[in-house]
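Encoded as structure tokens, the structure appears first; notes follow it.
The values are calculated or read from the model by the stated rules, or taken from the named source; none is laboratory data. Being a predicted model, the structure only gives us computed values, none of them experimental. As a convention, Cβ positions derive from the backbone with ideal geometry for all residues, glycine included, and neighbour counts pool all protein chains shown.
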Amino acid sequence: MERLTGLRAAVTGGAQGIGEAIAKRLAAEGARVAVLDLNGEGAARVLPAPHIGLACDVTDSASVDKAFAEIKAAFGGIDVLVNNAGIGTAPGDGMDKYYVAQAEQAAGKDVFADQTIHCEDTGWLRVLDVTLNGAFRCTRAAVRLMAEEGIGGSIVNIGSTAAVKGNGPVPYCVAKAGVIGMTRAMAREFAGRGIRVNAVNPGAVETPIYAGLPEEVKQAVADDSLMRRLASPDEVAGAVAFLAGSDGSFATGSTVTVNGGAWFD
Ligand SMILES: NC(=O)c1ccc[n+]([C@@H]2O[C@H](COP(=O)([O-])OP(=O)(O)OC[C@H]3O[C@@H](n4cnc5c(N)ncnc54)[C@H](O)[C@@H]3O)[C@@H](O)[C@H]2O)c1
């Protein structure tokens, strides 16, 4: 089904994982896609022409603005932005010490598993800069182009169930909760322009992050859901495709939870 035919889309963090699956899904459904990633070579490998792949660092406004200028030159404008780039942890965020304490707890030692007291400003700021501020910078650039054309558009932000459940590194949970707040505020702000803003909150997804984990740890995460497995990246991409195009035309400010029934919203 080609329900996105004629749409011009950009996917950040699209060189691998969930972003790659989203880029491929949007392209399969008929959109022309710009894959943006810190890893420019990886981005360029995801899809053949007429799709494009661009190096873009979402923490750098100049890099973001340059990428969107290139999208305008190649596609003439943009209809869909998927803010997918995000990191769960960064050097200096205290997670190294948290994991050590967690292993000690598992071995029966009476210790607290702290992150916050070990978290330096650098670690805190880096996670927020990629995961939350990056989505702001890209949305600002995309909406400038959408406003020029005046034909509306669709923004889809990748959140996380960690935004709701708080089960992750503290700066990550804060960044993702911020992404949901931004989704709602911008949905109100841009409604008059015909620009919809929605979010998808995935639970655990089978990506490189989980590939390295021991099978029993993966199974414990999987057992949190009624499906007793992780999501495939394409199961997240399907929800994004729905929100991106006209199938989702009455959805704005909403969050679609893709958590295998771990809980019901
Ligand atoms: N994997 C999961 O279980 C899961 C669950 C819920 C939400 N998410 C969210 O989904 C999104 C994708 O996750 P993933 O597991 O595919 O991650 P991933 O680490 O496999 O891929 C992330 C991509 O983002 C790119 N990236 C990182 N920093 C960037 C920057 N500064 N500028 C541009 N690109 C940058 C990386 O190069 C990489 O290609 C993230 O926002 C993540 O928080 C993931």
- [ ] Give me the pairs, please: first residue somewhere in the stretch 59-78 and touching a residue at least 12 places away in the same chain (Cβ under 8 Å) and farther than 12 Å from residue 137 by Cα, second residue anywhere and among the basic types (Lys, Arg) and away from the ligand (no atom under 14 Å from the Cβ), beta-carbon distance under 6 Å, and either six or more positions apart or on two chains.
- [x] 75/8; 75/32; 78/8
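Can you tell me how many residues in the stretch 134-145 are more than 10 Å from the ligand (Cβ to nearest atom) and not charged (D, E, K, R)? Step through it out loud before you land on a result.
First, the residues of the stretch 134-145 that are more than 10 Å from the ligand (Cβ to nearest atom): 136, 139-145.
From the residues that got through so far, the ones that are not charged (D, E, K, R) too are 136, 139, 141-143, 145.
Going through the stretch 134-145 one residue at a time, the tally reaches 6.
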Task: In the stretch 70-93, residue farthest from the ligand (Cβ to nearest atom) [restricted to those that are among the hydrophobic types (A, V, I, L, M, F, W, C) and within 29 Å of residue 123 (Cβ to Cβ)] - done: 81
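Would you check if residue 67 is closer than 22 Å to residue 249 by Cα, over 14 Å from the mean Cα position of the chain (by Cα), more than 9 Å from the ligand (Cβ to nearest atom) and among the small types (Gly, Ala, Ser)? Give the steps one after another, and end with the answer.
On the way: closer than 22 Å to residue 249 by Cα: no; over 14 Å from the mean Cα position of the chain (by Cα): yes; more than 9 Å from the ligand (Cβ to nearest atom): yes; among the small types (Gly, Ala, Ser): yes.
No, not satisfied.
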- [ ] Provide a single number: the residues in the stretch 188-229 that are over 18 Å from residue 163 (Cβ atoms) and free of Cβ contacts under 8 Å to residues at least 40 places away in the same chain.
- [x] 20
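Working carefully through the options 130, 100, find the one that is within 12 Å of the ligand (Cβ to nearest atom) and either more than 29 Å from residue 254 (Cβ to Cβ) or crowded, with 21+ Cβ neighbours inside 10 Å (or both).
Working: 100 fails: within 12 Å of the ligand (Cβ to nearest atom).
None of the other options fit; the residue is 130.
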Task: Only listed residue being at pLDDT below 95 and more than 16 Å from residue 198 (Cβ to Cβ), chosen from 168, 86 - done: 168
- [ ] Output the number of the condition that residue 58 fails; it satisfies all remaining conditions of (1) buried (at least 20 other Cβ atoms within 10 Å of the Cβ); (2) within 16 Å of the ligand (Cβ to nearest atom); (3) part of a helix (DSSP H, G or I).
- [x] (3)
TODO: Would you mind telling me which numbered condition in (1) over 30 Å from residue 114 (Cβ atoms); (2) out of contact with any strand residue (DSSP E or B) (no Cβ under 7 Å at 6 or more places or on another chain); (3) buried (at least 19 other Cβ atoms within 10 Å of the Cβ) residue 196 fails?
DONE: (2)
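Enumerate the helices (runs of 4 or more DSSP H) found wholly within the stretch 146-265, keeping only those where 1 or more residues are away from the ligand (no atom under 13 Å from the Cβ) and of a type in the set (Phe, Trp, Tyr). Spell out the reasoning first.
Working: elements: 162-165, 170-190, 208-211, 215-222, 233-244.
Output list reads 170-190, 233-244.
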TODO: Filter the stretch 7-28 down to the residues that are within 16 Å of the ligand (Cβ to nearest atom) and in a loop (DSSP other than H, G, I, E, B), then identify the one that is surrounded by the fewest Cβ atoms within 10 Å (Cβ to Cβ).
DONE: 16
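Pick out the one residue from 78, 71 that is buried (at least 21 other Cβ atoms within 10 Å of the Cβ), out of contact with any Pro (no Cβ under 8 Å at 6 or more places or on another chain) and either small (Gly, Ala, Ser) or in a helix (DSSP H, G or I) (or both).
Working: 78 fails: either small (Gly, Ala, Ser) or in a helix (DSSP H, G or I) (or both).
That would be 71, the only listed residue that is buried (at least 21 other Cβ atoms within 10 Å of the Cβ), out of contact with any Pro (no Cβ under 8 Å at 6 or more places or on another chain) and either small (Gly, Ala, Ser) or in a helix (DSSP H, G or I) (or both).
A quick yes/no check of all residues on (1) surrounded by fewer than 24 Cβ atoms within 10 Å (Cβ to Cβ); (2) part of a helix (DSSP H, G or I):
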position: 5; (1), (2): yes, no
position: 30; (1), (2): yes, no
position: 33; (1), (2): no, no
position: 64; (1), (2): yes, yes
position: 86; (1), (2): no, no
Open item on the list: Looking at the structure I just gave you, is residue 30 closer than 30 Å to residue 203 by Cβ and touching a Phe, Trp or Tyr at 6+ places or on another chain (Cβ under 6 Å)?
Closed with: no
